[in-house]
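Written out below as structure tokens is the structure these notes cover.
The values are calculated or read from the model by the stated rules, or taken from the named source; none is laboratory data. Because the structure is predicted, anything quoted here is derived from the model rather than measured. Here Cβ is always computed from backbone atoms with ideal geometry, including for glycine, and neighbour counts include all displayed protein chains. Note: accessible area is taken over every heavy atom of the protein model, side chains too, but ligands, DNA and RNA are not part of it. Shrake-Rupley method; radii C 1.70, N 1.55, O 1.52, S 1.80 Å.
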Amino acid sequence: MFRNFKMVSKVVFGRGCFSQLGDILQEQRQGSESVMVFLVDDVFKDGSLENRLPRNADDLLVWVNVDDEPKTVYVDQLVMQVKAHMAGKQDSHPSGVVGIGGGSTMDLAKAVSLMLTNRGSAADYQGWDLIKKPAVYHAAVPTLSGTGAEVSRTTVLTGPQKKLGINSDHTVFDQIVLDPEMIADAPNPQRFYTGMDCYIHCVESLEGTYLNSFSRAYGEKAMDLCRDVFLDSPEDADDRLMMASYCGGMSIAYSQVGICHALSYGLSFVLGLHHGIGNCVAFDYLEDYYPEGVGEFRQMMARSGIDLPRNLTAGITDDQMKTMVDVALVLEPLWENALGRDWKTVMTREKISDLYLKM
Ligand code: NAD
Ligand code: ZN
């Protein structure tokens, strides 16, 4: 079976296009009492962004905190907050949810919009195609580029038992606003780590067994753009990085990531390491599997003056190691993409823990 995959319905791209957000949302507002919910990364709380939000009187602004990557309990809490805001209003649901921030905030916006129309806890829907009802309209404005969360059909959440996305056609954004000015102030090393998420998506997609021409077209373009940004310093680096993230996301939509992502999920679940930095930590030890990619990654790292943290697994317990390996192994499609159908004969628990021990 070929995947019939859902794409983002509307995309606006360009420096300054954020100023069109009000007009874009206006089309979605129903009636005078319409409510928009803005979920905005709290890193922008004391800046000028608040005054630029196209808010109506009844709209709800929530500053979200992403010091920890999104958890299902946090999503449930945000949903309650939105429902409380809607109590007594004409409409039971808001007209839309807008996420403004990096991958974590975009994922929160996706999850909240889904959980406003689907019963229960976000944890009940971690997996593939478990969502039954369409979400409320949801839009994103990325302020960091690299994850591809703006185009993907998943929202990655840490639940009580697992770190796993809510993968569904309904997860995909209805609208994305790609304004390179919004990522201009993202500081290093965060900009680098998130950018490398895109570069690693490309390596894993292009080196994977699931590769096809669709993925290759996007993956090669995204990789070229990453090279422009991280091995050179073009004037329009932010524009290129934003499009790299978009193309990198499109590339894995029709293929899969690989070993680095599987290991990074384990690091994140047990050590709380964020996705971008976790990927960088793991990728640096994957020379045997992705020799050219790792070589180029090191050049990019040197050029950006990045020092990776080391010895992260030095003090971990046997139980923690077991959990880390378990979390990585759950992601079977990633291993299969990287190593082929017989991956279980190649990648043993021991090999995985040896890799972790190096980190
Ligand atoms: P992030 O959203 O976790 O943010 C990282 C840090 O950067 C935070 O402290 C945040 O406050 C800050 N930040 C964001 N924008 C900023 C800006 N413009 N200036 C200064 N600081 C800024 O980072 P990320 O790397 O974009 O996202 C990682 C998250 O994305 C993880 O939770 C991961 O699971 C998720 N992810 C999702 C997908 C998907 O397809 N849904 C894919 C990959 C990763
Ligand atoms: Zn990633």
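Inter-part distance, region 1-45 to region 265-293, computed on C-alpha centroids, equals 32 Å.
Dividing the Cα convex hull volume of region 109-266 by residue count, how many Å³ per residue is that? Don't skip to the answer; put the middle values down first.
Details: hull volume 18.4 nm³, N = 158.
Cα convex hull per residue, to the nearest whole number: 117 Å³.
If you take the square roots of the eigenvalues of the alpha-carbon gyration tensor of region 190-358 and sort them as a ≥ b ≥ c, do you get rounded (a/c under 1.5), prolate (a/b over b/c) or oblate?
oblate
A cut-off of 5 Å between modelled amide H atoms, ignoring neighbours fewer than 5 places along the same chain, links residue 157 with 164, 165, 166. Express in whole angstrom the spacing between the alpha-carbon centres of region 160-238 and region 88-106. That distance is 24 Å. Here the Karplus curve 6.51 cos²θ - 1.76 cosθ + 1.60, taken at θ = phi - 60°, turns the phi angles of region 192-205 into couplings of 5, 4, 5, x, 5, 4, 5, 4, 5, 3, 5, 4, 5, 6 Hz, with x standing for Gly and Pro. With a 1.4 Å probe rolled over the protein heavy atoms of all chains, the accessible area of 154, 171 falls in the order 154, 171, largest first.
Quick one: of the DSSP bridges fully inside the chain, what percent are antiparallel, nearest 5?
Within the chain, antiparallel bridges account for around 15 percent of the total.
With the whole protein complex present, residue 93 retains an accessible surface near 70 Å², based on a 1.4 Å probe. Farthest toward the positive end of the dipole of the chain, out of 130, 317, 2, is the Cα of 130, where the dipole comes from beta carbon charges about the Cα centre.
In this structure, residue 323 and residue 119 have a Cβ-Cβ separation that, at R0 = 30 Å, corresponds to a calculated FRET efficiency of about 0.50.
The simple spin-label model puts a point 7 Å past each Cα toward its Cβ; for residue 271 and residue 133 those points are separated by 4.2 nm.
Given the peptides 285-295, 108-118, arrange them by the average over their residues of other C-beta atoms within 10 Å, most packed first. Don't skip to the answer; put the middle values down first.
Details: 285-295: 15.7, 108-118: 26.3.
The densest-packed peptide leads the list: 108-118, 285-295.
Here the translational diffusion coefficient of region 195-271 follows from Stokes-Einstein with Rh set to the Kirkwood radius across Cα pairs; for 10 °C and 1.306 mPa s it amounts to 127 µm²/s.
Taking every protein chain into account, the 1.4 Å probe leaves residue 213 with about 90 Å² of accessible area, to the nearest ten.
Using only C-alpha positions, report the orientation-averaged shadow area of the convex hull of region 10-183, nm², one decimal.
9.3 nm²
What angle do you read, to the nearest 10 degrees and between 0 and 90, between the alpha-carbon axis of helix 291-303 and the longest principal axis of the chain? That helix lies at roughly 60 degrees to the long axis. Taking all protein chains together and rolling a 1.4 Å probe, residue 132 ends up with roughly 150 Å² accessible.
Can you pull the Rg over Rh of the chain, Cα-only, Kirkwood? Each step should come with its number before you reach the end.
Details: Rg = 19.9 Å, Rh = 20.7 Å.
Ratio value, two decimals: 0.96.
In this label model, residue 161 and residue 11 are separated by 3.6 nm, measuring between points 7 Å along each Cα→Cβ vector. Would you mind calculating the gained length between residue 32 and residue 303 on full extension (0.36 nm times residue separation, minus the Cα-Cα distance), in nm to one decimal? Using 0.36 nm per residue and subtracting the Cα-Cα distance, I get 92.3 nm. With equal scatterers on the alpha carbons only and no solvent term, can you work out the Debye log10 of I(q)/I(0) for region 79-151 at 0.28 1/Å? The calculated log intensity ratios at q = 0.28 Å⁻¹ are -1.30.
Quick one: accessible area per residue over region 14-148, 1.4 Å probe, rounded to a whole number of Å²?
Numbers: 5860 Å² over 135 residues.
Accessible area per residue, region 14-148: 43 Å².
Mean-square fluctuations from a GNM of the chain, with a 10 angstrom spring cutoff on Cα atoms, peak among 13, 230, 269 at 13.
Normalised by the residues of the chain, what does the relative contact order come to in percent, with Cα pairs under 8 Å and at least six apart?
On the way: 674 pairs, mean separation 54.9, N = 359.
Rounded, it is 15 percent for the chain.
Pairs exceeding a 23 Å alpha-carbon distance, out of 10/71; 10/45; 6/110; 163/344; 45/89; 162/344: 10/71; 10/45; 45/89. Potential lengthening of the chain between residue 314 and residue 23 amounts to 99.5 nm, from the contour at 0.36 nm per residue minus the alpha-carbon distance. Of the solvent-accessible surface of the chain, computed with a 1.4 Å probe and all protein chains present, 47% belongs to carbon and sulfur.
What do you reckon, how do 206, 231 stack up by accessible area (1.4 Å probe), largest on top? Before the final figure, lay out each step's value.
Numbers: 206 35, 231 60 Å².
The most accessible residue leads, giving 231, 206.
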